[in-house]
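Working notes for the structure below.
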């Protein structure tokens, strides 16, 4: 039964005029390009919006694989088109090249995930270090009734909290100027805390204040790491490019591919005699 079916299919394929077989193959390749290009675009979006490095890398790899499939189908299609179809194929190839150029900028940034990493450092390690600073400052406050000492300790706590609040502002800022302004504010508050903690403590305040200084140095180091990662801005940049730069080139490629499909469909209806 299977051999008979195979023989029938082989006969039918061989009995078709070569031109019709070639026309069918061209349409098959063009539709494959359509599917794989759509998949590449969707996987790129998923890579940009992913919440973990593993997800970003997986989606970026899938987007690249789909893009490679488009290239392979285009390479074969270019060998089959007739002169009247070459203009439409060339138009799509040019549009597809622009899509790949944008992807070449987006995907490495999406995989780097520096803004997500900055957020994790801020919300986890830096927040823990800040809590240690504040708890030791509270212990120092409990050890004194001196008004000036209490004011100093309260000022240190407020300045440290201001810095923590600026972490996220910096992490979502798009412009270099905006990030620089926030970094200047953070540097100013850090200088105030450094100066306040450097003053000689009152009796009984020294032990918790020494511990607060040690925790503060750790917090400053973590803040510097947050700002370094945030300054790279890869998630913000990839998102902006994905929603601003990618849609126009993707839409242009889609329209030119639809035009190519129409051209191939017209050729495929040509008479055989």
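Worth a mention:
- Those residues of the range 126-171 which are more than 19 Å from residue 218 (Cβ to Cβ), within 31 Å of the chain's Cα centre (by Cα) and surrounded by fewer than 19 Cβ atoms within 10 Å (Cβ to Cβ), in sequence order: 168, 169
- The numbered conditions (1) in a helix (DSSP H, G or I); (2) at pLDDT below 95 are all true for residue 204 except (1).
The values are calculated or read from the model by the stated rules, or taken from the named source; none is laboratory data. What you see is a predicted model, and the numbers here were worked out from it, not measured in a lab. Quick reminder, even Gly has a Cβ in these numbers, built from the backbone with ideal geometry, and neighbours come from all protein chains shown.
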